[in-house]
Amino acid sequence: MKNKSTIIETAKQTIKAESKAIANLINFLTEDFENAVNFIQESKGRVIITGIGKSAIIAQKIVATFNSTGTPAIFMHAADAIHGDLGTIQKNDVVICISKSGNTPEIKVLVPLIKNYGNKIIAITGNISSYLGTNSNFVLNSFVEKEACPNNLAPTTSTTAQLVIGDALAVCLLELNNFSSKDFAKYHPGGALGKKLYLRVHDLIDKNELPQVQPSTPIKDVIIEISKKRLGTTAVIENNKIVGIITDGDLRRMLKDNTDISKLTACDIMSKSPKTIQVDAMAIEALETMESNNITQILVVDDLKYVGVVHLHDLLKEGIF
């Protein structure tokens, strides 16, 4: 069994080898890369991405990246394509073929069929002199000197290089298409990421109570209001305007400092000029305001009108952090 230091050293060498190979890809960028990006961007069809073996797995990931960044893409396994799935390719589609050697039997069968359909082929290959490299319209060089595998056999560095080329294509297309965070939100509506991009404050306060008291409200009634509305706070309202806020913390400090609270009113313990947020602001803005001010609640306003409270628990419930 290898000792810990040997394991860590092997991991370091793997990462170093792959990072060096990836950095070297910069030297292989040619006009074919630029032309391929422009061709995809101007195409009226989809991007069909295909490969065999480990390259097929990389193709699936690149498809996912393309789709999530606004470039419609479909995965087609090279072996399945020559056994019935070739109908996946439509007239205006662009085909990206991924193969380290560029000479696998499936690729040699598939490429002429695609060309017969009249579709353009973009090759991602580590061998630009291969059958795939010499029979494609655009060739993107993913050459690596050797695999991270000590036997130079298992696809490791080469598949990482393929993935990086795919990411570079996706990001270039994203920028050409002016793909914004709002567009990103449309494709990522689920999970914490999507919610950060589209969830607004008004979505959080719909079911919340609206705790409020007057400056002259006795402390006993303030305590009842905070307890009843279950948000750990209440706004202090005068002439339809927010003049203060009282939180659970304010109540605790009051009880610590006062033995007789019978004559105290809301205005005696409230914090003046509380932090507020607009009802149509992004929920993530509410979180950032709470974090920067070390608070757990924030009052919500519509222009100047008090309309609700967002509590840290509301954000936790939505999984925003």
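Key figures for this structure:
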| item | result |
| --- | --- |
| Per residue value of the accessible surface for the chain (all protein chains in place, 1.4 Å probe), Å² | 55 Å² |
| Gained length - Asn258 relative to Asp167, 0.36 nm times residue gap less alpha-carbon distance | 26.4 nm |
| Segment 66-186 - percent of accessible surface contributed by carbon and sulfur, probe 1.4 Å | 53 percent |
| Value of D in µm² per second that Stokes-Einstein yields for segment 193-293, Kirkwood Rh from Cα pairs, at 25 °C (0.890 mPa s) | 166 µm²/s |
| Kyte-Doolittle mean at least -0.5 and Cα axial length at least 18 Å: DSSP H helices in the chain | 4-24, 54-68, 105-117, 157-176 |
| For segment 268-321, share of DSSP beta bridges that run antiparallel, in % to the nearest 5 | 65 percent |
| Three principal axis lengths of segment 106-188 [C-alpha, angstrom, descending] | 44, 40, 18 |
| Helix-only mean residue ellipticity at 222 nm for the chain, each DSSP H run of n ≥ 4 adding -39500 (n - 2.57), per residue, nearest 500 | -14000 deg cm²/dmol |
| Extended-chain gain in nm, criterion 0.36 nm per residue less alpha-carbon gap, Asn3 and Ser129 | 41.1 nm |
| Listed candidates [x] 28, 60, 11, 0; [y] 26, 32, 24, 16, 1; [z] 30, 49, 20, 1 - label of the one calculated as P(r) over Cα pairs in 20 Å bins from 0, in percent | [y] |
| Filter on Lys16/Lys317; Lys12/Lys54; Lys12/Lys115; Lys12/Lys100; Lys12/Lys317 - keep pairs with C-alpha separation over 32 Å | Lys16/Lys317; Lys12/Lys115; Lys12/Lys317 |
| Cα gyration tensor, segment 1-108 - rounded (a/c under 1.5), prolate or oblate | prolate |
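The values are calculated or read from the model by the stated rules, or taken from the named source; none is laboratory data. Just so we're clear, the structure is a prediction, and the values are computed from it rather than from any experiment. Remember, those area values only see protein heavy atoms, side chains included, never the ligands or the DNA or RNA. Shrake-Rupley method; radii C 1.70, N 1.55, O 1.52, S 1.80 Å.
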